[in-house]
Amino acid sequence: MSKPKLFGPKNLLVYLIVAYLFYFLYSYRLNSPLPVSSRIPDTILYTLNGEKFLLNDYRSNKFLIFFDKASVYSPYYLKVIPDLKLIAESFNIDIFLIFKKPVDVELLKKILQKNKYKLLENITYSANISKLADDYGIRSWPHFYMINSDNKVVYQAKLPSVRAINDILRRY
């Protein structure tokens with residue numbers, strides 16, 4: 001019986017392909033979000049009724065959530081959003097949730113009618129997803145931003161910590 005060649009030409013090619021795929025996956029999932037204390041870019045959002053507004057015009061604290069229902073993190077977000085809503089009510093914060101897919105508002109309305117997504121109904125907005133993701137440095141959804149009334153990033157995370165958010169709000 002012959003001994004397998006670990007470093008034969010075919011195996012090296014397989015190793016290189018696997019290494020490239022891991023690198024591609026790593027770089028794809030790597031976000032380069034806006035740093036804390038930076039100003040947010042002009043952000044145009046749309047209500048589900050089609051009304052256009054500028055997020056920067058809101059002079060209150062804001063939670064901006066980039067949500068992807070197909071992400072492995074979506075169950076975490078669905079668990080944390082009720083807590084974020086309670087915090088928002090207590091501290092007079094506006095919540096803006098952007099769905100990655102679907103882009104079509106009618107499909108988005110149908111999704112929000114499902115029991116699983118009912119809690120997102122009054123906080124969901126539509127936007128130019130690709131421009132918004134580029135402006136905020138988001139490649140891998142979901143992502144969370146906490147923005148103060150001066151439109152500066154106070155906190156950002158792939159997975160928001162309710163404890164960290166509470167700590168930040170107590171300092172203000």
Checklist entry - Distance in nm between label sites at residue 163 and residue 59, each 7 Å beyond Cα in the beta-carbon direction? => result 3.7
Checklist outcome for this item: Any DSSP H helix in the chain with Cα axial reach of 27 Å or more and mean Kyte-Doolittle score of at least -0.5? Listed by number, the hits are 9-29
Item to check | For residue 61, distant residues with modelled amide H under 5 Å away | outcome: 94, 149
Checklist outcome for this item: The size of the Cβ-based charge dipole (Lys, Arg +1; Asp, Glu -1) of the chain about the Cα centre, to the nearest 20 debye, is 820
Checklist entry - Cβ under 11 Å from residue 126's Cβ, residue 126 left aside: what net charge do those residues give with Lys, Arg +1 and Asp, Glu -1? => result -1
Next on the checklist: 7 Å from Cα along Cα→Cβ at both residue 15 and residue 83: what's the point-to-point distance in nm?
Outcome noted: 4.4
Item to check | Residue-averaged [θ]222 nm for the chain, counting only DSSP H segments that reach four residues, each worth -39500 (n - 2.57) | outcome: -12000 deg cm²/dmol
Next on the checklist: Can you tell me which lysines have their Cα less than 17 Å from the Cα of residue 79? Leave out same-chain residues fewer than eight positions away.
Outcome noted: 69, 114, 116, 118, 158
Next on the checklist: Tell me the Rg and the Dmax, in Å, that the Cα atoms of segment 34-171 produce.
Outcome noted: 13.9, 41
Item to check | Most positive-pole-ward Cα, 140, 56, 20, against dipole of segment 13-172 from beta carbon charges | outcome: 20
Item to check | GNM result for the chain, Cα springs below 10 Å: residue of 21, 112, 86 fluctuating most strongly | outcome: 21
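No value in this document is a laboratory result; all are computed from the given coordinates. Computed from a prediction, not measured in an experiment: that's the story for all the values here. Don't worry about glycine lacking a Cβ; one is built from the backbone with ideal geometry, like all the others, and counts go over all protein chains shown.
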